[in-house]
Amino acid sequence: MRPDVTLDGAALRANASAFAALGAPVAAVVKDDGYGWGARLLVRELDAVVESYVVADEDELAALRPATRKPVRLLLDAAPGRLERVLALGGIPNVSSRGALAEAAGAAAARGALTIRVGVLDAAGWASIAPSDAAAFAEATAATGLAVELWTHVVSPERSGTILDAFMAARRSFEGAGVRIVSTDAASTASSRRGLAFDRLRIGIGLFGARLGASVDNRCALRVTAPVVRTFAPGEAGWAGYGHVRVRADRSVAVLRCGYGDGFPKNLADGVDILSVGMQYTARVMHEGVDPRVLIGASDDVDTLAARSSVTPHELVVGLASR
Ligand SMILES: *Cc1c(COP(=O)(O)O)cnc(C)c1O
């Protein structure tokens with residue numbers, strides 16, 4: 001007897017469309033096996049409505065490719081000697097080092113043309129060039145004849161101005177060097193807005209319903225429903241599960257087979273409606289007309305659930321993915 005932890009496909013699609021309404025198509029970010037939910041499951045639900053996908057590396061690309069014919073963009077450079085494999089799988093490769101650039105130049109010479117992705121960011125990370133290196137990297141790229149998709153990642157709302165200014169300066173360097181820039185993308189869920197949509201939005205957590213402050217009309221795609229294993233009539237239970245939570249004498253209590261072992265955060269226990277969350281069970285107050293089995297449903301808000309759980313929406317969503 002286990003909880004039913006699923007995604008609502010219609011909500012996922014509606015969420016992709018809600019972001020696209022900001023003015024650019026959505027590249028669904030399905031790294032880490034679709035935030036733990038299965039990249040291929042997300043592709044099955046989203047393939048008709050998204051422009052492309054974003055994965056971390058060659059392994060994730062290989063796992064995804066049988067499920068879709070759409071473009072797949074990589075966050076990481078191909079490992080040395082692995083670029084041909086990435087290209088054979090139809091991946092758009094990322095390049096953030098002179099070595100990877102040289103390998104891409106070789107592949108472009110053999111093929112006639114090639115588009116690479118170049119990220120510009122001042123933060124420690126794994127796949128971008130520093131803004132201070134942009135002019136020199138642009139010159140080196142121009143010498144190869146490679147076409148470029150230029151991207152950045154707004155990793156901090158407080159520093160978004162700095163990050164975007166550096167990005168636009170880098171774009172001028174690439175243009176000035178004569179590099180053909182085929183597209184530009186900058187925004188993830190938190191930074192999504194009309195003025196930042198550029199040629200595509202890279203959306204991960206927003207597909208599940210989180211907004212992270214962005215003005216987007218999306219909704220919760222998570223569904224957690226658990227079987228009731230026991231009910232207590234009013235007055236029958238004095239205390240709720242573990243911990244020091246007294247059950248009011250006028251309350252009925254349902255015990256559900258779902259707990260933090262299933263990714264339902266322990267902190268969602270508020271002592272009022274959700275009385276107690278254990279590893280495999282949750283005790284909650286029953287209300288007239290409310291289905292006690294639905295722990296997370298269409299009317300919930302992902303950002304609010306995450307805040308109440310003291311985790312980020314990403315951690316909430318990854319934690320609920322089946323293990
Ligand atoms: C993970 C990631 C995204 C998606 O971020 P969300 O907050 O889940 O929308 C976008 N771009 C890059 C570079 C990423 O690493």
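The values are calculated or read from the model by the stated rules, or taken from the named source; none is laboratory data. All values derive from a computational prediction rather than experimental measurement. When we count neighbours, we look across all protein chains shown, and the Cβ atoms used for this are built from the backbone with ideal geometry, even at glycine. We work out accessible area using only protein heavy atoms, side chains counted, and drop any ligands, DNA or RNA first. Shrake-Rupley method; radii C 1.70, N 1.55, O 1.52, S 1.80 Å.
Could you grab me the full set of residues in the range 75-132 that are over 19 Å from Ala27 (Cα atoms) and among the hydroxyl-bearing types (Ser, Thr, Tyr)? Hits for the range 75-132 are Ser96, Ser97, Ser132. Scanning the range 27-36 for residues being more than 10 Å from the chain's Cα centre (by Cα) and near the ligand (Cβ under 10 Å from one of its atoms) gives a total of 1.
One line per residue, one yes/no per condition, for (1) in contact (Cβ under 8 Å) with a residue 12 or more places away in the chain; (2) of a type in the set (Lys, Arg); (3) more than 21 Å from Glu58 (Cβ to Cβ); (4) within 16 Å of the ligand (Cβ to nearest atom):
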{"site": "Val86", "(1), (2), (3), (4)": "yes, no, no, no"}
{"site": "Ala100", "(1), (2), (3), (4)": "yes, no, no, no"}
{"site": "Asp122", "(1), (2), (3), (4)": "yes, no, yes, yes"}
{"site": "Ile129", "(1), (2), (3), (4)": "yes, no, no, yes"}
{"site": "Phe137", "(1), (2), (3), (4)": "yes, no, yes, no"}
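Scanning the range 252-271 for residues that are open to solvent by less than 60 Å² (accessible area, probe 1.4 Å) and assigned to a loop (DSSP other than H, G, I, E, B) gives Ser252, Cys258, Gly259, Gly263, Phe264, Pro265, Ala269, Gly271.
Determine which member of the set Asp57, Asp47, Asp4, Asp33 is surrounded by fewer than 17 Cβ atoms within 10 Å (Cβ to Cβ) and within 18 Å of Leu89 (Cα to Cα). Outline the logic, then answer.
On the way: Asp57 fails: surrounded by fewer than 17 Cβ atoms within 10 Å (Cβ to Cβ); Asp4 fails: within 18 Å of Leu89 (Cα to Cα); Asp33 fails: surrounded by fewer than 17 Cβ atoms within 10 Å (Cβ to Cβ).
Result: Asp47 is the single residue among Asp57, Asp47, Asp4, Asp33 that is surrounded by fewer than 17 Cβ atoms within 10 Å (Cβ to Cβ) and within 18 Å of Leu89 (Cα to Cα).
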